[in-house]
Structures are given as C-alpha cells and as structure tokens.
Amino acid sequence: MGNPNGAGELRILAVANQKGGVGKTTTAINLGTALAAVGEKVLVIDLDSQGNASSGLGIDMAARQRTSYDVLMGQASILDCVQPTSVPGLSIVPANSDLVGVANDLSADKGRSFRLRDAVVTMMGQLNGRSADTAFDYALIDCPPSLSLLTLNALVAAHAVLVPVQCEFFALEGISQLKDTIDQIKGTLNPALEIQGVVLTMHDARTSLSREVAAEVRAFFGAKVYETTIPRNTRVAEAPSHGKPILLYDYDCPGSQAYIRLATEIIERERRYKAA
C-alpha cells in the first residue's frame, strides 16, 4: 500500500493486545507524538469505543462529529474525519461509543473485515496528486482490548502489529492467542501482516517481577522485543486527564524519554525493513 504521491510509503501499525490495561492507548498517543516530534507525519485512528486516544489527544466529545464509526459504515472517508491535534504533524480520526454497535450493524456484510482496509485504499487514492505535505508517513490504529471485529479490521488493514505487554503476572496469558490470531490473519486475510515489535510497558527495574516478566517475554518473542522499555511513571498516567501526550505534559520525565527512544528504534526497524 505505497503512497501514490511519491512522498514515501504509508506504514500502518496496529497497536493491539486483547488484554486490557497494558498501555495500548498510551503507546499509540505517545509513540505518535514522538514520531511527529522527529518530523514524521502521523495519523492515529481511534478504533476503541471508549475513545481514550481521542480524549488523550484533547479532542472533546462534542467535537467528534465524524468518527471511525462513520468510516467503517461507509458514511464518511478517513480524510473527512481527520482532525488536527495540538501536536504539529499529528492528526487523529476520533472515536466514540457508536463503535459498540459496529458488529451488529455490519452483521449482514460479507466484507465487514475489510472495511478499514478499503477506507485506507480510498484515502490513498484521494491523496494521489496532492502535495507531499498532505501525506502521512505512519498510521497508528489504537485497538480495543478484545479480538473483536474492530481489532480484526485493524489487523487486516495494517502492515504490522505493535504489541504492548505489561510487566505483570500473566503477561503472556493471551499473547500466544494474539500471536495465533495474527498468524491466522496472515494465512488468510492479510498475507503481509507481521509483528513489528513487542514493547514492555509499566516496567519497574527495581522489582524482580518486572525483570522476570521481561526475560520471559524476550524468551517468547526473541528479537521482536524492543530494547526500550516504558517505565511505570505517574506522569505518564496523569497526562491523558489533561488531554495531552506525555511529551507535551512533561517532556523531561522518564516516560517521555522512553517514548522518544522507542520511536527511534521503530524508525530504525522500518529502515531495515524497507532496505530488505
């Protein structure tokens, strides 16, 4: 799914883990901000009915007139729904509770798993011939905490999956199920799908539990696990309530610096991928 205007290639990363509370939304928001900070043009697609990515980037509920629900229902294009954020270079397709009804509303549609992918293809066609300034380098899809139709749409539309894993007991519970789902989708609906990487979140280097979980995840996923770990940090937890990513809320805190390092690591992996 190359960028037709020649301004590089749009890379779509689904931020997914069916387990809740592992830092998916936090990662999508702050990774998007860090990528934008180094000059990438980033679009976050909020695909969670809770709309936390939208709130965390300062989009009021009243301002969500057109959302990812409208995109999936074919009632609006992605570009119709894009809103700028307070971060230069970072835009969002917001979400609200309408997404709760998607599975039911699309139950009769045989192509329901391809709705987001088709919308991305349409967007690329709309951007064709426009200036490079209007293109996106990355799209980050914030998935709900379940292997639902919404997550399926994200995985079918994505080039790769970024998996946040919390450093806690049972961290690998469900991860093997997610990996099986990714393998299944790769074998049927999206042959190009890969795991871009696994990021360890809420890591506390002082505890033996965090160290043990990190070792366990690295043993399971090998080189797919990023070197960067996201520390347990109260400033990161506070930032969304202020409608700001952590880089705007407290640039110097350990959480901010970790997301900058993660963005650098992801860009380096992307360069290696493109060179391969």
Whole-number percent relative contact order across region 159-236, with pairs defined as alpha carbons under 8 Å at least 6 apart: 37
Against the longest principal axis of the chain, how steep is helix 175-188, in degrees 0 to 90 to the nearest 10, with axes from Cα atoms? 30
Neighbouring Cβ atoms within 10 Å as the yardstick, rank Thr122, Thr25, Thr207, Thr228 fewest first. Thr207, Thr122, Thr228, Thr25
As an exercise, use a Förster radius of 22 Å and the Cβ-Cβ distance of Leu172 and Ala103 to find the FRET efficiency, rounded to the nearest 0.05. 0.20
Angle check, please: helix 208-221 long axis (alpha carbons) against the longest principal axis of the chain (alpha carbons), in degrees 0 to 90, nearest 10. 50
Identify all lysines with a Cα-Cα distance to Lys41 below 25 Å; exclude those on the same chain that are fewer than 8 residues away in sequence. Lys24, Lys224, Lys244, Lys274
Provide the convex hull volume over Cα atoms per residue for region 202-276, in Å³. 100
Of all DSSP beta bridges in the chain, antiparallel share, percent nearest 5: 5
So if I restrict to the alpha-carbon atoms in region 86-136, what is the Rg, and what is Dmax, the biggest pairwise distance, in Å? 14.7, 40
Of all chymotrypsin sites (Phe, Trp or Tyr not before Pro) in region 87-169, the ones in DSSP coil with at most 13 other Cβ atoms within 10 Å are Phe169
For region 13-64, rounded, prolate or oblate, judged on the Cα gyration tensor with a ≥ b ≥ c (square roots of eigenvalues), a/c < 1.5 rounded, else prolate if a/b > b/c? oblate
So for the pair Lys224, Ala62, with labels modelled 7 Å out along Cα→Cβ, what separation do we get in nm? 4.5
Quick check: net charge around Gly56, other residues with Cβ under 10 Å of its Cβ, Lys/Arg +1 and Asp/Glu -1? -1
Row for the chain, column shape: gyration tensor on C-alpha, a ≥ b ≥ c, rounded if a/c < 1.5 i.e. under 1.5, prolate if a/b over b/c, else oblate; value rounded
Tell me the Kirkwood radius of region 1-137: reciprocal of the mean inverse pair distance over distinct alpha-carbon atoms, in Å. 15.5
Taking other Cβ within 10 Å of each residue's Cβ, how do Val100, Val163, Val217, Val93 sort, fewest first? Val100, Val217, Val163, Val93
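Each value in this text was obtained by applying a stated rule to the coordinates, not by laboratory testing. Model, not experiment: these values are computed from the prediction. Every residue, glycine among them, receives a Cβ derived from its backbone with ideal geometry; neighbour counts consider all protein chains shown.
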